[in-house]
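The structure appears below as structure tokens.
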Amino acid sequence: MADFKLIISDPKTGKAYSVDVTGPKVNKFIGKAIGMEVEGDIAGLPGYRLQITGGSDKDGFPMRGDIPGQVRRRVLVAGGVGYHPTSDGMRKRKLFRGDEISIDMVQVNARVTTYGEKTLEELAPAKEEKKEAPGAKAPAKHK
């Protein structure tokens, strides 16, 4: 069973939230393409609707909306997702993943289109920063 992280961006606040999708909930994402909307209940966000905007697979290759299916393809690109040329006219052949979510996905990106009753901060709390272990000393400064 494939598990992945769902990165949800909130257009109102500009913040992003990470939700782990595991178990049978993953199957509801398989086969969905970039631009499709899914119910937020799948990710534990009741009342929300999410639009899939992209993602990346297990080897780090980004999804691209103009490649149909779940395949990997080498595409000659002059810009856009996955390639930013340093000068005008530069093109490069790069490997991309198709626009459909498959079991090889590690990360799926989505944006909120319809909001629920509770806020995203309540449903998907931000992770706390690592705290220093008690008794741990700060590194010594050299004079």
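Can you give the net charge of the other residues whose Cβ lies under 12 Å from the Cβ of MET63, counting K and R as +1 and D and E as -1?
Numbers: positive: LYS32, ARG64, ARG72, ARG73, ARG97; negative: ASP57, ASP66, ASP99, GLU100, ASP104.
Residues near MET63 contribute 0 overall.
Comparing ARG73, ARG111, ARG49 in a Gaussian network model of the chain (Cα springs below 10 Å), the most mobile by mean-square fluctuation is ARG73. Between amide H atoms placed 1.01 Å from N, distances below 5 Å from MET36 occur with ILE52, all of them 5 or more places distant or on a separate chain. If Lys and Arg each add +1 and Asp and Glu each add -1, what is the summed charge of the other residues whose beta carbon sits under 15 Å from the beta carbon of TYR48? Neighbourhood net charge equals 0. Look at the Cα gyration tensor of the chain: its axes a ≥ b ≥ c give a/c of at least 1.5 with a/b at or below b/c, and that counts as oblate.
Which net charge results when you count Lys and Arg as +1 and Asp and Glu as -1 among the other residues whose beta-carbon is under 10 Å from that of LEU120? Around LEU120, the charge tally is 0. Among MET36, MET63, a tally of other beta-carbon atoms within 10 Å of each Cβ gives an order, fewest to most, of MET36, MET63. For the stretch 41-89 versus the stretch 1-39, the inter-centroid distance based on Cα atoms is 13 Å. Dipole orientation for the chain: of the candidates GLY14, ASN109, VAL71, VAL71 has the Cα lying most toward the positive pole (charges on Cβ; Lys, Arg +1; Asp, Glu -1). The ranking of LEU123, LEU6 from fewest to most other beta carbons within 10 Å of each one's beta carbon is LEU123, LEU6.
As a proxy for reagent exposure, PHE4, PHE61 were ordered by neighbouring Cβ count within 10 angstrom, fewest first; the result is PHE61, PHE4. Quick check on the stretch 1-66: take the gyration tensor over C-alpha atoms, sort the square-rooted eigenvalues as a ≥ b ≥ c, and tell me if it's rounded (a/c under 1.5), prolate or oblate. Rounded, since a/c falls under 1.5. Pairs exceeding a 29 Å alpha-carbon distance, out of LYS58/LYS118; LYS32/LYS94; LYS12/LYS32: LYS58/LYS118. Karplus-derived 3J(HN,Hα) values for the stretch 80-95, using 6.51 cos²θ - 1.76 cosθ + 1.60 with θ = phi - 60°, are x, 5, x, 7, 10, x, 8, 9, 5, x, 6, 10, 8, 8, 10, 8 Hz; glycine and proline are entered as x. Within the chain, the longest run free of exposed loop sites, counting GluC sites (Glu not before Pro) that sit outside DSSP helix and strand states (H, G, I, E, B) and have at most 11 other Cβ atoms within 10 Å, spans 1-116. What the phi angles of the stretch 71-78 give under the Karplus curve with 6.51, -1.76 and 1.60, with θ = phi - 60°, is a coupling list of 8, 9, 9, 8, 10, 7, 10, 10 Hz, glycine and proline written as x.
Every read-out reported here was derived from the displayed coordinates using simple, explicitly stated rules and does not represent laboratory data. Predicted, not measured: the structure shown is a model, and the values here were computed from it. Neighbour counts are summed over all protein chains in view; Cβ atoms, including those assigned to glycine, are modelled from backbone coordinates with ideal geometry.
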